[in-house]
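**Student:** Just dropping this structure here.
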Amino acid sequence: MHFALPDPQREFKRRFDRLCGERIAPRAGEVDRTGVVPKESWTELAEAGYLALFHAPQWGGSGVDGVTQGLAMESLARACASTFWSVSISTLLCGKMLSELCGLVQHERWLKPIVAGLVTGSFAATEDAAGSDPGSYRTTLFDTKGGLRLRGEKSRISNAGTADVAVVLARRGDPSGAALCYVVVDLSTRGVERRELPKLGLHGMSWGALRFDDVEVPPDDVIVDASVEKTLHVVEWGQLLQTWCAIGLASAALAACRDHVSSRLAFGRPIAHLELVHSRLADMHVEIEAARLLALEVSWIKGEGRVARDLVFMAKIYATEMAVRVTDLAMRTFGGWGYSRERPIERLHRDSLANIPAGLPTDRLRELLGCAMVGADPWAYEPFDWLGPAGLRLDGE
Ligand SMILES: Cc1cc2nc3c(=O)[nH]c(=O)nc-3n(C[C@H](O)[C@H](O)[C@H](O)COP(=O)(O)OP(=O)(O)OC[C@H]3O[C@@H](n4cnc5c(N)ncnc54)[C@H](O)[C@@H]3O)c2cc1C
């Protein structure tokens, strides 16, 4: 394992960091206020090669190593988490769904334009009543005399309002059946409705519901051979996305703290001199470095085309919870200014909270990790004597 970048990648990183610092970061406050990532940012990121980083040359990608991908993700997330999420959900999560699970038709029709930054993608698994437990997904693809139709509603989907295409996880034939498939849905098709959901952070990224009212689906757009296990492998890219987002946010908070403590005077001198303040910065620094090392290892593995599984769970658990701790400490370091919308810290804290539940919540990842360690089945639950499907059992029930 080695993390040193070869010359061309080092040069790419230098140029990319500059773009993020000079063009993307200054727009972050405006993106948060208006709820829109400007088209300009998408264009600049596509031109800089960010969208291409994660894909092979035959799809317009640059096919670079995982370490370069990871460090670029950190730079973009540090500059603006909303921009990072919108763009990375499209090229990384939806892009990998298309490249790893779908066939040539989808590669030509959707993957290439996504990598070129011409269209936007999303991945839709979660429903109102189903998140961690895929056994309860109800969106269904069924046969009619007039062809295949998709019915159901996905919920809390990143890019729901802005995406052109969604890879949708659905049941085949029967809402309670076991067979899963992926349906690649052109979101301009009749019968697709979108609804935005208000949220705490990541204001610049659209997030909401996608409703499918008997949407007509051409047979070529159905990938029949789907499973929870296969989906989890690709969702590792999503967990890596959340991991790097968390590291970017935490390092942005630490950089803001360093500036603040050197210029903020209290009791006649910069607060940097207070032992509690500078030792807090040291703690933040240690945590960020530890998370970055773990994330680099995962990125390196993923870049080699291998499954990271337990390591990506560890990285996501540690980094996402670390970023919430670090941005909370940053808010305290800023005192009352930490709570003000005139400073970036409260935004960094709000945005950091998104990474814990997104993908799979860190609690569920602990469960998957712990079960693997002791050889237990993370999908099988015994009935509880104190809890029924509708909630707590009352005496005599
Ligand atoms: C910012 C953001 C972006 C998102 N983007 C997408 C997207 O693009 N596409 C998409 O499909 N979904 C997306 N989601 C949804 C996300 O994947 C779900 O929120 C997540 O899978 C958890 O499902 P849930 O919210 O229904 O929580 P539930 O499954 O109801 O879980 C609630 C809580 O119960 C506990 N819990 C549940 N099961 C277990 C278990 N087995 N072990 C331990 N604890 C458990 C955990 O504490 C968990 O946090 C996004 C969510 C967020 C916050």
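**Student:** For residue 319, all conditions in the list (1) within 16 Å of residue 248 (Cα to Cα); (2) not in a helix (DSSP H, G or I) hold save one; what is the number of the exception?
**Tutor:** Result: residue 319 fails condition (2) only.
**Student:** Condition (residue is of a type in the set (Val, Ile, Thr) and within 11 Å of the ligand (Cβ to nearest atom)) applied to segment 374-385: is it met by at least one residue?
**Tutor:** No: segment 374-385 contains no residue that is of a type in the set (Val, Ile, Thr) and within 11 Å of the ligand (Cβ to nearest atom).
**Student:** Is it the case that segment 169-182 has a residue that's modelled with pLDDT of 95 or more, touching a Ser or Thr at 6+ places or on another chain (Cβ under 9 Å) and farther than 16 Å from residue 130 by Cβ?
**Tutor:** no
**Student:** Within segment 181-217, track down each residue that is within 15 Å of the ligand (Cβ to nearest atom) and out of contact with any strand residue (DSSP E or B) (no Cβ under 8 Å at 6 or more places or on another chain).
**Tutor:** 198, 200, 201, 202, 203, 204
**Student:** For segment 332-357, enumerate the residues that are away from the ligand (no atom under 16 Å from the Cβ), part of a helix (DSSP H, G or I) and of a type in the set (D, E, K, R). It would help to see each step written out before you state the result.
**Tutor:** So the first thing to find is which residues in segment 332-357 are away from the ligand (no atom under 16 Å from the Cβ), and the list is 332-346.
Then keep just the ones that are part of a helix (DSSP H, G or I); that gives 332-333, 335-339, 345-346.
Scanning segment 332-357 gives 332, 346.
**Student:** Could you list, ordered by first residue, the pairs with Cβ atoms under 7 Å in which the first is in segment 341-366 and within 26 Å of residue 233 (Cβ to Cβ) and the second is outside any loop (DSSP other than H, G, I, E, B) and within 8 Å of the ligand (Cβ to nearest atom), at least 6 apart or interchain?
**Tutor:** From segment 341-366, the pairs are 356/362; 359/238.
**Student:** Taking the options 275, 289, name whichever one is free of Cβ contacts under 8 Å to residues at least 40 places away in the same chain and either touching an Asp or Glu at 6+ places or on another chain (Cβ under 9 Å) or within 21 Å of residue 65 (Cα to Cα) (or both).
**Tutor:** 289
**Student:** Taking the options 160, 246, 170, name whichever one is in contact with a helix residue (DSSP H, G or I) (Cβ under 6 Å, 6 or more places away or on another chain), crowded, with 21+ Cβ neighbours inside 10 Å and of a type outside the set (D, E, K, R).
**Tutor:** Of 160, 246, 170, the one residue that is in contact with a helix residue (DSSP H, G or I) (Cβ under 6 Å, 6 or more places away or on another chain), crowded, with 21+ Cβ neighbours inside 10 Å and of a type outside the set (D, E, K, R) is 246.
**Student:** Hey, another quick one. So residue 223 clears everything in (1) surrounded by fewer than 18 Cβ atoms within 10 Å (Cβ to Cβ); (2) away from the ligand (no atom under 13 Å from the Cβ); (3) in contact (Cβ under 8 Å) with a residue 40 or more places away in the chain; (4) under 18 Å from residue 96 (Cβ atoms) except one condition, right? Which one?
**Tutor:** It is condition (1) that residue 223 fails.
**Student:** May I pose another question? Residues to consider are 360, 365; find the one that is closer than 20 Å to residue 228 by Cα, within 11 Å of the ligand (Cβ to nearest atom) and part of a helix (DSSP H, G or I).
**Tutor:** Among 360, 365, only 365 is closer than 20 Å to residue 228 by Cα, within 11 Å of the ligand (Cβ to nearest atom) and part of a helix (DSSP H, G or I).
**Student:** Sticking with this structure for a sec: Specify which of the listed residues (264, 309) is in contact with a Pro (Cβ under 7 Å, 6 or more places away or on another chain) and either open to solvent by 50 Å² or more (accessible area, probe 1.4 Å) or without any contact (Cβ under 8 Å) to a residue 12 or more places away in the chain (or both).
**Tutor:** None of the other options fit; the residue is 264.
**Student:** Also, I was wondering about something else. Closer than 20 Å to residue 350 by Cβ, within 13 Å of the ligand (Cβ to nearest atom), touching a helix residue (DSSP H, G or I) at 6+ places or on another chain (Cβ under 9 Å) and in a helix (DSSP H, G or I) - does that describe any residue in segment 88-100?
**Tutor:** Yes, the conditions are met somewhere in segment 88-100.
The values are calculated or read from the model by the stated rules, or taken from the named source; none is laboratory data. Note that the coordinates shown come from a computational prediction; the quantities given were computed from them, not determined experimentally. Here Cβ is always computed from backbone atoms with ideal geometry, including for glycine, and neighbour counts include all displayed protein chains. Note: accessible area is taken over every heavy atom of the protein model, side chains too, but ligands, DNA and RNA are not part of it. Shrake-Rupley method; radii C 1.70, N 1.55, O 1.52, S 1.80 Å.
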